[in-house]
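The values are calculated or read from the model by the stated rules, or taken from the named source; none is laboratory data. These figures come from a predicted structure and were not determined experimentally. Every residue, glycine among them, receives a Cβ derived from its backbone with ideal geometry; neighbour counts consider all protein chains shown.
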Amino acid sequence: MIENDLYIACLNLAGKRALVVGAGRVALEKVNGLLACDAEVVVVAPEADPGITALVDDLQVTWIQKRFDADDLDGAMLVIAATADTEVNTAVFEAAETRSMLVNVVDVPSLCNFVLPAISRRGPIAVAISTSGASPALAKRIRREVEQQVGPEYAALATLLDEERGWAKETLPSYDARRIFFESIVEGQPDPIELLRDGDVDRVKEMIAAARETAIAQMKSG
């Protein structure tokens, strides 16, 4: 029985070095995922898939054309091993563990101290689905279903709410006051998601303005 005792977190990889060992089609998928997070991606492999070399030619990825060596981990925040060579994958895991680094060996849960969930992205929203390594195929199916449920209107609302963060922080004196303010919008009636789904952005902005007035009135009365 697989235990789901993973600590779920979102990493900020912007500008951080991320090493990918291997340069085949699976490695290309991992490289693209890291580039989407603005990581500084370095690939180590004797040969590379055309998709990898295209990214290298476009100056998006650095390719070190050789076999993996433990010193390749120097300066990296995390490493992903995506090779078909069990000996290389094990070497990557052991070297990373010695350095207390984040390491993932694709499709080998026993050689991972973190797993890569299936990700659904819409604007500022990212939904991660993990099966604790039990079934990547199932995680991908769940992702497709989430993408059908969480449409662009959710991203639009997230963007509008993000624009209110500065005002809320400067105006509302406590965490509870800010929480109540944002929840009054998100859980408001009419439903802001339905309004945005119908393209009625102005009505949502009116709801936000009304929520501001209510929050200020409650602050003064309190």
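For (1) of a type in the set (D, E, K, R); (2) surrounded by fewer than 15 Cβ atoms within 10 Å (Cβ to Cβ); (3) touching a strand residue (DSSP E or B) at 6+ places or on another chain (Cβ under 7 Å), each residue gets a yes or a no:
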position	(1), (2), (3)
100	no, yes, no
106	no, no, yes
109	no, yes, no
121	yes, yes, no
142	no, no, yes
**Q.** Single unsatisfied condition, residue 146 versus (1) out of contact with any strand residue (DSSP E or B) (no Cβ under 8 Å at 6 or more places or on another chain); (2) hydrophobic (A, V, I, L, M, F, W, C); (3) at pLDDT 90 or above; (4) outside the structural domain of residue 76 (by TED's automatic domain parsing)
**A.** (1)
Q.
Which pairs turn up if I take residues in segment 26-54 that are outside the structural domain of residue 77 (by TED's automatic domain parsing) and look for partners that are β-branched (Val, Ile, Thr) with beta carbon separation below 6 Å, at least 6 apart in sequence or on another chain?
A. none
Q. Scanning segment 156-193 for residues that are free of Cβ contacts under 8 Å to residues at least 40 places away in the same chain and acidic (Asp, Glu), which turns out surrounded by the fewest Cβ atoms within 10 Å (Cβ to Cβ)?
A. 170
Q: Identify, by number, the condition in (1) surrounded by fewer than 19 Cβ atoms within 10 Å (Cβ to Cβ); (2) at pLDDT 95 or above that residue 37 doesn't meet.
A: (2)
Q | The one condition in (1) modelled with pLDDT under 95; (2) surrounded by fewer than 16 Cβ atoms within 10 Å (Cβ to Cβ) that residue 127 fails to fulfil | A | (2)
Q: Please go through segment 98-119 and pick out each residue that is modelled with pLDDT of 90 or more and under 15 Å from the mean Cα position of the chain (by Cα).
A: 114
Q. Residue check, residue 108 against (1) of a type in the set (Val, Ile, Thr); (2) without any contact (Cβ under 8 Å) to a residue 40 or more places away in the chain; (3) not assigned by TED's automatic domain parsing to the domain that holds residue 22, all met but one. Which one?
A. (3)
